[in-house]
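Shown below is the structure under consideration.
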Amino acid sequence: MASAPAISAAFDHFLAAWRPLIPIPGLLLILPLVYLFFRSTWRELDEEAYRHRGEILASGRQDLRPLVAMVMAAVILTLHEYYGGRTYFDDAIRPLLAAYDAAHHDKVLHFNRYEELYSFGWWAFTRVVGYTVVPFGIWKLVYPKDSLLDLGLRTHGFLRHAWIYVLFLAFVLPAMWVVSRQPDFGSYYPFYKAASRSWFDFLVWEAMYFAQFFALEMFFRGFWLGVLRWSFGSGAIFAMAVPYCMIHFQKPYLEVNGAIIAGIALGSLSMKTKSIYQGFLVHITVAGLMDWLSLAHRHALPKVMWPPGS
């Protein structure tokens, strides 16, 4: 009888050899289940959009919501790509912070010790502003009668739908176990490589990480779906899933494919519950566990509260 290590090695070899094709049967298996679970929600969205567009056409007006929302989304994502990353931080922001801290003998920002953390702080800051302040603020100016609470921010019924969070984790956690066995997993997470240096580094990083996840949920599952549901119906969910998948490029291959399912499932969940909070909890649970598993697999979990030399 084969030993457990031998079975594990054979499974890892299978994943490595067939990895490009593995997501296809997974999609064929999971997406029909997503359809069965959310088909009534999709139908409701389509009926609402049909009535809304009918009223607009009957009045002789033009539905400009897709134009405003999708052009704004494209501009925001482009700005993030070119000015919201660590490359731009190194070129434009880092010299300013380094010069300021040098003038104060590294006693204010402690930039030399936390330089990488500052670069991720810029990344998280631009996501929070770009995903929340900009689209929500501009939308309220253009459509002042729209309530921002209707863009996924209502809390009513949160506890009533909490069971869906548990159900999602029942599907996601086994997939996480498969992904965590890939060789690129351990080298990719956490993004902040000094997270293992101390619990301070780890916790500050996770706080920034979770903040940008909340902003991401507000943008993709709150703003995007909230403003486009009247124009596209359930199609708003599938349209959102495409750029949502694309922002995961550069991540491990299986995770990027998982983002296709996550985009559709979390978008449908947001429309079903009228809020982004269950999806946010799923997101941070998975993200936090992936960082934890990556460090644990390498025996690199923090051992001290503060970085050496603090």
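Tally the residues that are part of a helix (DSSP H, G or I) and open to solvent by 50 Å² or more (accessible area, probe 1.4 Å), restricting the search to segment 130-149. Please lay out each step first, then the result.
Here is the first cut: in segment 130-149, the ones part of a helix (DSSP H, G or I) are 130-142, 148-149.
After this cut, where a residue has to be open to solvent by 50 Å² or more (accessible area, probe 1.4 Å) as well, the list is 133-134, 138, 140-142, 148-149.
Number of matching residues: 8.
If you don't mind, another one. Name the residue that is least open to solvent (accessible area, probe 1.4 Å), counting only residues in segment 276-286 that are modelled with pLDDT of 90 or more and out of contact with any Phe, Trp or Tyr (no Cβ under 7 Å at 6 or more places or on another chain).
Step one: list which residues in segment 276-286 are modelled with pLDDT of 90 or more, which gives 276-277, 280-281, 284-285.
Next, from what is left, pick out any that are out of contact with any Phe, Trp or Tyr (no Cβ under 7 Å at 6 or more places or on another chain): 276, 285.
Values: Ile276: 1, Thr285: 35 Å².
Checked segment 276-286; the qualifying residue least open to solvent (accessible area, probe 1.4 Å) is Ile276.
Within the group Gly258, Gly233, Gly222, which residue is in contact with a strand residue (DSSP E or B) (Cβ under 7 Å, 6 or more places away or on another chain) and in contact (Cβ under 8 Å) with a residue 60 or more places away in the chain?
Exactly one of Gly258, Gly233, Gly222 is in contact with a strand residue (DSSP E or B) (Cβ under 7 Å, 6 or more places away or on another chain) and in contact (Cβ under 8 Å) with a residue 60 or more places away in the chain, namely Gly222.
Let me ask you something else. Taking segment 94-117 as the search range and keeping residues that are aliphatic (A, V, I, L, M) and assigned to a loop (DSSP other than H, G, I, E, B), which one is nearest to the chain's Cα centre (by Cα)?
Selected residue: Leu109.
If Thr273 passes every condition in (1) surrounded by fewer than 21 Cβ atoms within 10 Å (Cβ to Cβ); (2) in contact (Cβ under 8 Å) with a residue 24 or more places away in the chain but one, which one does it miss?
(1)
Taking the condition of being open to solvent by 80 Å² or more (accessible area, probe 1.4 Å) and either over 30 Å from Gln212 (Cα atoms) or modelled with pLDDT of 95 or more (or both), how many residues in segment 48-70 meet it? Write out each step before concluding.
Taking segment 48-70 first, the residues open to solvent by 80 Å² or more (accessible area, probe 1.4 Å) are 50-51, 53, 55, 57-58, 61-62, 64, 67.
Among the residues that remain, those that are also either over 30 Å from Gln212 (Cα atoms) or modelled with pLDDT of 95 or more (or both) are: 50-51, 53, 55, 57-58, 61-62, 67.
The total comes to 9.
Here's another thing I want to ask about it. Quick check: anything in segment 229-252 surrounded by 17 or more Cβ atoms within 10 Å (Cβ to Cβ), closer than 30 Å to Pro144 by Cα, among the hydroxyl-bearing types (Ser, Thr, Tyr) and under 12 Å from the mean Cα position of the chain (by Cα)?
Checked against the condition, which is being surrounded by 17 or more Cβ atoms within 10 Å (Cβ to Cβ), closer than 30 Å to Pro144 by Cα, among the hydroxyl-bearing types (Ser, Thr, Tyr) and under 12 Å from the mean Cα position of the chain (by Cα), segment 229-252 yields at least one hit.
The values are calculated or read from the model by the stated rules, or taken from the named source; none is laboratory data. Please read these numbers as outputs of a predicted model, since none were measured by experiment. For neighbour counting, all protein chains shown are included, and Cβ atoms are generated from backbone atoms with ideal geometry for every residue, glycine included. Accessible surface is based on the protein model in full, side chains and every heavy atom, while ligands, DNA and RNA are left aside. Shrake-Rupley method; radii C 1.70, N 1.55, O 1.52, S 1.80 Å.
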